[in-house]
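Novice: Okay, here's the structure, questions in a sec.
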């Protein structure tokens, strides 16, 4: 009987909230811009000089969107990714010639940034990998960890989605070379807040006890 009452409370709650569903704004803050130079200082006879290898620059731009507070799963934009390629030094401190003294480099990226949904605030975390070679650079991101927000009787679980590995594609003109911007997306899972459902279940059990006491 207790289980049945709880289930009924959940059903009634979901129907009531869906009928009066509203939209709410969310904002994901920026990250960067962050530059990734090599740790090795180029020698003076390197083709672009000691200071001619600043490395690539990455940035995630602030984004504000709208979320429909209705139970379900939604894929929505959370940031705009900007990637600028520039020369990155891969030689040694004394030798720059390729391929004898040149190495491929990789940089681990952690794009932690803040997020708010209505008045609820927390942060998102998402890791990426920047690969730098003599011929081209490559960038990818994995899926981030899930962050939960409690908003107007709902639990909203936000999981940043990965971005596939892509190579640099725009090298027109002189360096630095701005690459095509990419949308950073996330999965939004909207469900009734478990704490609210629990309180509704307790309320249903209390009503049942009162009815029994009167009987």
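Novice: Between residue 75 and residue 35, what's the calculated FRET efficiency when r is the beta-carbon distance and R0 is 30 Å? Round to 0.05. Walk me through the numbers before you get to the answer.
Specialist: On the way: r = 30 Å, r/R0 = 1.01.
Computed FRET efficiency for residue 75 and residue 35: 0.50.
Novice: Starting from the Cα-Cα distance between residue 95 and residue 185, subtract it from 0.36 nm times their residue separation and give me the gain in nm to one decimal.
Specialist: On the way: separation 90, 0.36 × 90 = 32.40 nm, distance 4.21 nm.
Net length gain for the segment: 28.2 nm.
Novice: Considering all projection directions equally, how large on average is the shadow of the alpha-carbon convex hull of segment 25-197, in square nanometres? The partial results should precede the final answer.
Specialist: Numbers: hull surface 43.2 nm².
It is 10.8 nm².
Novice: At a threshold of 8 angstrom on Cα-Cα distance, excluding pairs fewer than six apart, so keeping six or more, what relative contact order does segment 148-193 reach in percent? Working shown, then result.
Specialist: Values: 55 pairs, mean separation 24.0, N = 46.
Computed over segment 148-193, the figure is 52 percent.
Novice: While we're on this one: Distance from the Cα centre of segment 141-194 to that of segment 17-78, in angstrom?
Specialist: Taking the Cα centre of segment 17-78 as reference, the centre of segment 141-194 is 8 Å away.
All of the numbers you see were taken from the coordinates with simple rules; none came from a lab. No experiment lies behind these values; they were computed from the predicted model shown. Backbone-built Cβ (ideal geometry, glycine too); neighbour counts: all protein chains shown.
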